[in-house]
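Right, one structure below, let's go through it.
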């Protein structure tokens, strides 16, 4: 299975997080601390009713588990220092009520090392016996999995730009898929031999398989994270496939012309159906779909390229 991770810029993640927190605490109970004027005290959002602080942080993806965990731990350390140093201001924000929790809110939490770091920082911070922090003050890390599916879907729908980061399939994943799909590979080899020099056919087939797996992974990710967008994208692809099956490919007669024309048409159809989906994601899905059509139906090329 190709690994798919939502690719966030900091502003988008902060807006997305706000939508989730408003579901958790209520729209009127979540307040923002702007960072543009003399710092943010290690606080992006807070809720006085629950005595909780949230700091949003999105690692630039794609990275591996170790790198992600390291950056999250560094963020916790840095921003807790701000919370300690800003004791007077934080106490004023919470009307003198001690803060019970400080939560790092991230898109993906997948390392126990971050939990252990939170536990250490909880112990260290309690030992300072600060008046603006509760005696049972706790440092935590939450990700999207801490929120109900309905809240996630609503927040995704409100985004102005949805971008998923897809890691290329490993060699093992490629080999396993190819071993289980001999008929599709044979079909792709036959078709691609009409547009590729004999020595390059196998490389073209392998590239097609990789594009297919990446495109499929993106469509699957949309199904779980943005069902409305998923339906629109699938409908757009189905519409193009029906047209292709009925009237044939555009851009002929040369195979390369056909592929470029069908690819550009499909990208435009996907973007028209899902304008908030990133251009890069639309292109990856279109390339994966084109590869699928070549391995199955309905896309084929004239035998003589004319």
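Scan region 62-74 residue by residue and report those that are within 21 Å of the chain's Cα centre (by Cα) and surrounded by fewer than 20 Cβ atoms within 10 Å (Cβ to Cβ).
Those that are within 21 Å of the chain's Cα centre (by Cα) and surrounded by fewer than 20 Cβ atoms within 10 Å (Cβ to Cβ): 62, 63, 64, 65, 66, 67, 70, 71.
I'd like to check something: does region 20-41 contain any residue that is at pLDDT 95 or above, at positive phi and surrounded by 15 or more Cβ atoms within 10 Å (Cβ to Cβ)?
No, the conditions are met nowhere in region 20-41.
Does residue 209 fit the bill of being at pLDDT below 90 and either more than 28 Å from residue 19 (Cβ to Cβ) or touching a helix residue (DSSP H, G or I) at 6+ places or on another chain (Cβ under 6 Å) (or both)? Spell out the reasoning first.
On the way: at pLDDT below 90: no; either more than 28 Å from residue 19 (Cβ to Cβ) or touching a helix residue (DSSP H, G or I) at 6+ places or on another chain (Cβ under 6 Å) (or both): yes.
Criteria not met by residue 209.
Residues in region 223-239 that are in contact (Cβ under 8 Å) with a residue 40 or more places away in the chain and farther than 21 Å from residue 154 by Cβ: how many?
Of all residues in region 223-239, those in contact (Cβ under 8 Å) with a residue 40 or more places away in the chain come to 225-229, 232-233, 237.
Okay, now just the ones that are also farther than 21 Å from residue 154 by Cβ, so 237.
Result for region 223-239: 1.
Inspect region 109-129 for any residue being more than 18 Å from residue 299 (Cβ to Cβ), within 17 Å of the chain's Cα centre (by Cα), buried (at least 16 other Cβ atoms within 10 Å of the Cβ) and without any contact (Cβ under 8 Å) to a residue 40 or more places away in the chain and give the result as yes or no.
yes
Search region 56-108 for residues being in contact (Cβ under 8 Å) with a residue 60 or more places away in the chain and in a helix (DSSP H, G or I), and hand back the single one that is nearest to residue 137 (Cα to Cα).
So in region 56-108, the residues in contact (Cβ under 8 Å) with a residue 60 or more places away in the chain come out as 61-62, 72, 76, 93, 102, 105, 107-108.
If we keep only those that are in a helix (DSSP H, G or I) too, we end up with 72, 76, 93.
Working: 72: 19, 76: 14, 93: 17 Å.
Within region 56-108, the match that is nearest to residue 137 (Cα to Cα) is 76.
Which residues, taken from region 27-50, are without any contact (Cβ under 8 Å) to a residue 12 or more places away in the chain and either in a helix (DSSP H, G or I) or more than 21 Å from residue 75 (Cα to Cα) (or both)? Break it down into steps so the answer makes sense when it comes.
In the first step, residues of region 27-50 are kept if they are without any contact (Cβ under 8 Å) to a residue 12 or more places away in the chain; the result is 27-28, 34-38.
The answer is 27, 28.
Residues 35, 67, 49: which one is out of contact with any strand residue (DSSP E or B) (no Cβ under 7 Å at 6 or more places or on another chain), closer than 23 Å to residue 120 by Cα and in the same structural domain as residue 134 (by TED's automatic domain parsing)? Give the derivation first.
Numbers: 35 fails: closer than 23 Å to residue 120 by Cα; 49 fails: closer than 23 Å to residue 120 by Cα.
Answer to the check: 67.
Part of a helix (DSSP H, G or I), at pLDDT 90 or above and in contact with a strand residue (DSSP E or B) (Cβ under 7 Å, 6 or more places away or on another chain), is that true of residue 268? First the steps, then the outcome.
Working: part of a helix (DSSP H, G or I): yes; at pLDDT 90 or above: yes; in contact with a strand residue (DSSP E or B) (Cβ under 7 Å, 6 or more places away or on another chain): no.
Answer is no for this residue.
The values are calculated or read from the model by the stated rules, or taken from the named source; none is laboratory data. Predicted model only: the values in this text are computed from it and were never measured. Because the Cβ atoms are built from the backbone with ideal geometry, glycine has one as well, and the counts that use them run over all protein chains shown.
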